[in-house]
Amino acid sequence: MTTEGKRPRSAAGGRQRSAAGIQKGRLRVHDPFELVRWLALSQPDPRKALAELVQNSLDAAARSIVVRRVRQKGVPCLRIWDDGEGVIPELDRAAALHYIATHIGHSRKRTLTPQQRMELMTQGQYGIGLLGFWSLGETLEIRSSLPGQRAHRLILYRDRPDYLIEPLRGKLPFDQRWTELVVAGLHREALAALVGRRAATYLAVELRGQILERGVDLVVEDRMARGRAQKLIRVRPSRFLGEHLEDIGPIELAGLPPIRLEVYLVGGNTEAAGAAPLSVYAGGTLVAAGFAELAPLGLDRAPWTDTRLTGVVDFPALQVAPGSRRGVVPDAAASAFAAGLRAVEPALLARLEAFEQRRAEELDRSLIKSLQRAFRGFYRQRPKFALLPVEGQSGAEGGASAPGTPAGAEGAEAADGLPPEEPLPPPPELLPPGPLAEVRLAPATVRVEYSGEARVRARALDASGRPVEAPVHYFWRLSGPIGRLKVLADASRAQLSAADAEAEGRIQVEARSGDVAVRAEAPVTVVEELPPSPSDEGIPEPELVNLPAAPWRSRLMEGRWQVNSGHREYRAIADRPTLKLRYLALLFAKEVVLRSSQDPRLEAPLEQLVEVAAYADRRLAGRRFLTKG
């Protein structure tokens, strides 16, 4: 009897032998429970195990979920209750629980397409999520109740292959639709990780998209919390900070669900310090805390890892590792995901560049205001210097008005030639002005041309700044060769007739009332010519000119103060606000000295001074110096 054309006989276990010694067959698990053990131990994070159990409630379309950390008969337990559809609702309760216990590694959700998974917002597909309870406690009890059926429970044991299914007894609402999971004998590590606030914060991040989209009411109740610790926390995913880039995404993919992008640009250091990196979700569940975890897809790079970006990138078709449920399986869907993101990279990079330019401009405006504040009052203290020309700006010293003086101090005058009085606070009711406490001169600084005239007023005030009502006598005198002083009919006013040469000095006044005598003085500068208009000088906003090849650092060009932002010294400190402010102050000082002296020979040594000072600033920045005493 010939054997030609016959199939080789089957060996034990389905193994087949061929004449050429080639063996074919199907893989077998030597010890099925050993495989279950390794699957269970692949989830070491108690928080992630909790999220897996809550995810089952979300997949069952629950509208209300309550997570409780309680102590039952002295044993710490975790209880998760929901009002979802229930465990395999089309089966009898005992049959449904039997299916769960005997189909580890197989999920009825596995047959759903990515589009269906997106529509249903369903995550589970591996049938091993329940095994995560090994990282939480010793036993898992699944209680299931449906209307018209007797409620049952399934008990699984840590590191044991057997299970138990039995009808539920006790005072429970059996004739209702609900499911409750109870993990008993919580481990020490799990107890710390499942403290109410910590658990709520983790779930808010891990299941952010699902909670927001479903509108589920998820509550964490910690009945083991002590003292003033919060015991009832409603899980509310936090909103992102920053500027929402609404024009980035969604990304349509052929035959796959779209990629949804909710991307934000974080503006300031305060926001950036508390902002999470741009995260990756699959159907609302976190699978990668940042794109740095997606190296296999080539996405661990800018702009996706840029620290200025925060938010969510969600793609329901991503496959995740069955055990840890972290990371992405590099399959065809993942490749389409990476290709789709590459398509929007140019637009995202352009937004980042524009954002950075806008932030730099805002920083420069802030620095200019700081520079103007730094030199505010400079003219009053150093009236011999001329400030820089300003055009179309307003505000004393920060722009126009009087150069270094309060608005109106040398500008608009009253009919008597004196500046208007500063507004005084209204006197307190029922309390009359007090005795003489001080005397003030207006203007506080006097600048007058050769042989010109200037008037000064003295005001006697009490301790609260109100004019005194008691009689006051004034005594005037000059200090320095600045001219002659004439006391007017109102002894609180005097007129200075300036000398015919450049000079500096002071006007002094003493006010007496009874036994009290107070004094004040104002500096006086006699100059050859005053500026044509008080509003022509001040601290202008510099015009930044990007000329890298030009040697100059700053200059006055057609009445505008220009700063070369392309100079190597400026570029070296472009992202260091403190050094940039000091550098601008040096350039402003240089221009003030040049304009005041009108001596072009000073330009070269002043440029050298700026160069040396800027070099020293860069070298000394950030260093600490210890001094004795």
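Yes or no, residue by residue, for (1) assigned to a strand (DSSP E or B); (2) out of contact with any Ser or Thr (no Cβ under 7 Å at 6 or more places or on another chain); (3) under 27 Å from Leu191 (Cβ atoms):
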| site | (1), (2), (3) |
| --- | --- |
| Val54 | no, yes, yes |
| Leu58 | no, yes, yes |
| Ile65 | yes, no, yes |
| Arg69 | yes, yes, yes |
| Pro76 | yes, yes, yes |
| Glu90 | no, yes, no |
| Ala96 | no, no, no |
One residue is enough: does the range 407-423 have a residue meeting the conditions modelled with pLDDT of 80 or more and either touching a Gly at 6+ places or on another chain (Cβ under 8 Å) or surrounded by 14 or more Cβ atoms within 10 Å (Cβ to Cβ) (or both)? no
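Conditions tested, residue by residue: (1) closer than 30 Å to Val182 by Cα; (2) at pLDDT 80 or above; (3) in contact with a Lys or Arg (Cβ under 9 Å, 6 or more places away or on another chain).
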{"position": "Thr3", "(1), (2), (3)": "no, no, no"}
{"position": "Lys6", "(1), (2), (3)": "no, no, no"}
{"position": "Gly13", "(1), (2), (3)": "no, no, yes"}
{"position": "Arg17", "(1), (2), (3)": "no, no, yes"}
{"position": "Ile22", "(1), (2), (3)": "no, yes, no"}
{"position": "Arg37", "(1), (2), (3)": "yes, yes, no"}
{"position": "Ser42", "(1), (2), (3)": "yes, no, no"}
{"position": "Ala49", "(1), (2), (3)": "yes, yes, no"}
{"position": "Val54", "(1), (2), (3)": "yes, yes, no"}
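From the list Arg440, Arg493, pick out the single residue that is surrounded by 15 or more Cβ atoms within 10 Å (Cβ to Cβ), at pLDDT 85 or above, among the basic types (Lys, Arg) and closer than 22 Å to Arg376 by Cα.
Arg440
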Out of Glu356, Glu345, report the one residue that is modelled with pLDDT under 90, more than 25 Å from Asp59 (Cβ to Cβ) and acidic (Asp, Glu). Glu356
Selection count, the range 558-573, where residues are out of contact with any Phe, Trp or Tyr (no Cβ under 9 Å at 6 or more places or on another chain), within 25 Å of Ala386 (Cβ to Cβ) and in contact (Cβ under 8 Å) with a residue 12 or more places away in the chain: 2
Complete set of residues in the range 45-81 that are touching a helix residue (DSSP H, G or I) at 6+ places or on another chain (Cβ under 8 Å) and either within 12 Å of Arg223 (Cα to Cα) or outside the structural domain of Leu186 (by TED's automatic domain parsing) (or both): Val67, Arg69, Pro76, Leu78
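Determine whether the range 469-488 contains at least one residue that is under 57 Å from the mean Cα position of the chain (by Cα) and buried (at least 19 other Cβ atoms within 10 Å of the Cβ).
no
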Within the range 575-601, restricting to residues that are surrounded by fewer than 15 Cβ atoms within 10 Å (Cβ to Cβ) and of a type outside the set (Asp, Glu), the one that is farthest from Leu367 (Cα to Cα) is Arg601
Among the residues of the range 432-451, is there at least one that is part of a loop (DSSP other than H, G, I, E, B) and acidic (Asp, Glu)? no
Candidate set: the range 233-260, residues that are within 18 Å of Ser64 (Cβ to Cβ) and exposed (fewer than 14 other Cβ atoms within 10 Å of the Cβ); chosen: the one nearest to the chain's Cα centre (by Cα): Arg236
Taking first residues from the range 225-245 that are at negative phi and second residues anywhere that are in a loop (DSSP other than H, G, I, E, B) and crowded, with 18+ Cβ neighbours inside 10 Å, the pairs with Cβ under 7 Å that are 6 or more apart or on different chains are Leu241/Val266; Leu241/Ala275
Before we move on, is Asp364 under 23 Å from Met557 (Cβ atoms) and at pLDDT 50 or above? yes
Tell me whether the range 263-277 contains one or more residues that are closer than 30 Å to Ile65 by Cα and out of contact with any strand residue (DSSP E or B) (no Cβ under 9 Å at 6 or more places or on another chain). yes
Where in the range 273-387 are there strands (runs of 3 or more DSSP E), lying fully within it, with 3 or more residues that are of a type outside the set (S, T, N, Q) and in the same structural domain as Ala585 (by TED's automatic domain parsing)? none
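The values are calculated or read from the model by the stated rules, or taken from the named source; none is laboratory data. All values derive from a computational prediction rather than experimental measurement. Methodologically, a virtual Cβ is constructed for each residue, glycine included, from the backbone with ideal geometry; neighbour enumeration extends over all protein chains shown.
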